[in-house]
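Dropping the structure in here first, questions after.
The values are calculated or read from the model by the stated rules, or taken from the named source; none is laboratory data. Only a predicted model underlies this, so the values are computations on that prediction, with no experimental measurement involved. Virtual Cβ from ideal backbone geometry, glycine too; neighbours counted across all protein chains shown.
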Amino acid sequence: MEGWLFWYSVSDLSLPIRAQLSSLVFAKSLRRKDIKTANKTSQSVDSSNNSHKSHSKKSSSASISEANIDQSRQAIVNLVGVDTERISYFFQFQFLIVNGIFKLAIFSVFLVRLVGWIPFAAGISAWLLVVPASAWFSNLLLAQSKILMQLRDAKLAKLNEVLLGMRQIKLSALEAQWEARILALRKTELQALWKYFIADSALFSCWVLSQILLAATSLAVYVLINGNLSPSVAFVSIGMFSTLESTLGSLPELVTLGIDTLVSVSRVGTYLSGSEMQNNITQGPSISFQGATVSWPIDNQSADEDSFTLHNLDISFPNGQLSVISGKTGSGKSLLISAILGEADLLKGSVCVPKAARSSRHNTGRLEDWIILGSLAYVSQTPWLENGSLRDNILFGLHFVKERYDQVMEVCALKQDLAILTDGDSTELGANGVNLSGGQKWRVTLARAIYSRAEILILEDVFCAVDAHVGRWIFDKCLNGSICEGRTRILVTHNLGLVLSAAEYVVELGGGTVTYSGCPQRKTRLDASHQSQWHKEVTNDSGAPAVANEDSAIHIESGDDAQTAILLSPPNPPRRFVQEETRESGTVKKRVYLTYLESSGGILLWSICAVVFLAYQVGIISKLSRYLFRQTI
């Protein structure tokens, strides 16, 4: 199906080809499986970085494997930015290939009639001597083009990793190590680019040499057969060969463009034909698993030895209650959540999730008017924030209801943060909330889910990045408070001592299956020491709230003090965290040209290129002048 859509898009020229291909790639990215199987990405990158002093073929192939287009999200950037441009560019000039072949056939007929079969056959034979070399260089160019694109994917993946972890890199003083890794990838890319240019130049030389051999051999054999070369035959044949020179001279570039396009078509086709997520969720009255076996998304539909699998799941989460999922690290808690979201492979059994009802048109903040039955909100392990104001991140497209908004800010312990921030809730957040602390990111993400109209809240451990007393406040006032009353809450956490007292259903995972599911009162392996340890962290010897690491500046208030008005948007316009782009006006400065020249080889190299180009143009003008002089005589 994807292949038909692909070829339909490139054949329908009523719309820009690049826009159509980009839309197909983006649409496919929303449907593709998020493969989480173990790969050798980091290992191959490190091995290629460690061996950057001597890049052998073995290390090159190892570094290529990391840029597998089926596994790399960064490949989408190259697909849209490079491959679609190549394909659209080729379809703008592909008619020149047919035109060149047609002209070559027509002029070949005229040359046969002019010089005869034997001279023309001799010229074609001399031309065919270069064909094996042209074919070999074409295959080499194709291979180098694939390697170059894959190395670019690997470099882009590493740069994305650096940008996401910039704060950790700066705090750990790892700038030199990461710079060495990026430069090693760049050096490998430049070596592949150099090989690509060598293959391209060699292919172009073969085509130029072939047309010279064709003309010289044909005329030489004609002289040997006929004994002389009359002016009528010489000038007419030279004119035809000169006409063919432009055709044969453009064919190498067109062939190179065609080879690059073939690589891009293969990459886009491979991406579009990748496995997609299947709708394995069935409608049911509650979230439940019946004999289900789930695994992380894989290419084939059968689990292999590298994929983690949860077997024989028989779970039924109660509606409108708090359910807890626990287990050791790596026991499959995130996989169970992914199965509920429909982002895991269902190998056996069934997974039931309620169907979302139609949206209510009421604009009040009351629970009965606000909540959409069956709708779902998810808070992942990694907080996600967009570049916008803090209020926009919480509202997330919903209309503003002041009463509900104030309540959400209070129960999520964000009221004091707004008092600290200069611009209140109009403070602009950087990319992924870079100007917020870890605890603030978590609480803003939680506030977005609580403010939403979702009836079902799926939360991965929201207590891991906040202090003990803040976690207690969030649990008592938010998850177990009136704002979440009647909403189905599924919480993944290790803090069982905090949440078990209010939980109605507990699921414990271990060994790839469910070790316990049911009411927490009947859970025989309840860790009482863990609960007492949690209370020790919450209260000190004097009974006052303990203040710990990151959110130590937060003081949770109660009683009348908790009703203090929240600091909202200040009257002055908020400061911009991300500066707007500016554009220079006027002519391009001289220093820009000098910087470009120095960065692309230096002034000496460009001077040599300019002299060669001028000599070439002088030769063409002199040749044209002699031709016009002969025509005049």
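For the stretch 194-203, indicate whether the set of residues that are more than 30 Å from T243 (Cβ to Cβ) and touching a residue at least 24 places away in the same chain (Cβ under 8 Å) is non-empty. Walk me through it before giving the result.
Step one: of the stretch 194-203, the residues more than 30 Å from T243 (Cβ to Cβ) are 194-196, 198.
Among the residues that remain, those that are also touching a residue at least 24 places away in the same chain (Cβ under 8 Å) are: 195-196.
Yes; the residues of the stretch 194-203 include at least one that is more than 30 Å from T243 (Cβ to Cβ) and touching a residue at least 24 places away in the same chain (Cβ under 8 Å).
While we're here: Do the conditions hold for V10, that is, is it outside any loop (DSSP other than H, G, I, E, B), aliphatic (A, V, I, L, M), modelled with pLDDT under 80 and within 30 Å of L335 (Cβ to Cβ)?
For V10, the condition - outside any loop (DSSP other than H, G, I, E, B), aliphatic (A, V, I, L, M), modelled with pLDDT under 80 and within 30 Å of L335 (Cβ to Cβ) - is not met.
Check the stretch 187-202 and report whether any residue there is surrounded by fewer than 18 Cβ atoms within 10 Å (Cβ to Cβ) and either touching a strand residue (DSSP E or B) at 6+ places or on another chain (Cβ under 6 Å) or of a type in the set (K, R) (or both).
Checking the stretch 187-202: at least one residue is surrounded by fewer than 18 Cβ atoms within 10 Å (Cβ to Cβ) and either touching a strand residue (DSSP E or B) at 6+ places or on another chain (Cβ under 6 Å) or of a type in the set (K, R) (or both).
Got at least one residue in the stretch 169-191 being of a type in the set (A, V, I, L, M, F, W, C) and more than 30 Å from the chain's Cα centre (by Cα)?
Within the stretch 169-191 (the criterion being of a type in the set (A, V, I, L, M, F, W, C) and more than 30 Å from the chain's Cα centre (by Cα)), the answer is no, since none of the residues qualifies.
Could we say that V115 is buried (at least 20 other Cβ atoms within 10 Å of the Cβ), over 23 Å from S264 (Cα atoms) and at pLDDT 80 or above here?
In short, yes.
Here's a follow-up. Just name the residue that is modelled with the highest pLDDT out of those in the stretch 268-285 that are farther than 30 Å from S88 by Cβ and in contact with a helix residue (DSSP H, G or I) (Cβ under 9 Å, 6 or more places away or on another chain).
I281
Mind listing whichever residues of the stretch 378-425 are small (G, A, S) and part of a helix (DSSP H, G or I)? Write out each step before concluding.
Of the residues in the stretch 378-425, the ones small (G, A, S) are 380, 388-389, 397, 413, 419, 424.
Matches in the stretch 378-425: A419, G424.
Now a separate question. Go through the stretch 112-196 and tell me which helices (runs of 4 or more DSSP H), entirely inside it, have 3 or more residues that are touching a Ser or Thr at 6+ places or on another chain (Cβ under 7 Å).
The qualifying helices (runs of 4 or more DSSP H) are 117-128, 131-164.
Helices (runs of 4 or more DSSP H) wholly in the stretch 426-513 with at least 1 residues that are surrounded by 19 or more Cβ atoms within 10 Å (Cβ to Cβ), among the basic types (K, R) and touching a residue at least 24 places away in the same chain (Cβ under 8 Å) - which ones?
Here the list reads 438-451, 468-473.
Run R167 past the list (1) within 26 Å of C206 (Cα to Cα); (2) exposed (fewer than 13 other Cβ atoms within 10 Å of the Cβ); (3) of a type outside the set (S, T, N, Q) and report the number of the one that doesn't hold.
(1)
If you don't mind, another one. Cβ contacts < 7 Å: first residue closer than 15 Å to S307 by Cα and in the same structural domain as E485 (by TED's automatic domain parsing), restricted to the stretch 318-342; second residue surrounded by fewer than 19 Cβ atoms within 10 Å (Cβ to Cβ) and of a type in the set (F, W, Y), any location; separation 6+ or different chain. Result?
Listed by first residue and then by second, the contacts come to G332/F308; L335/F308.
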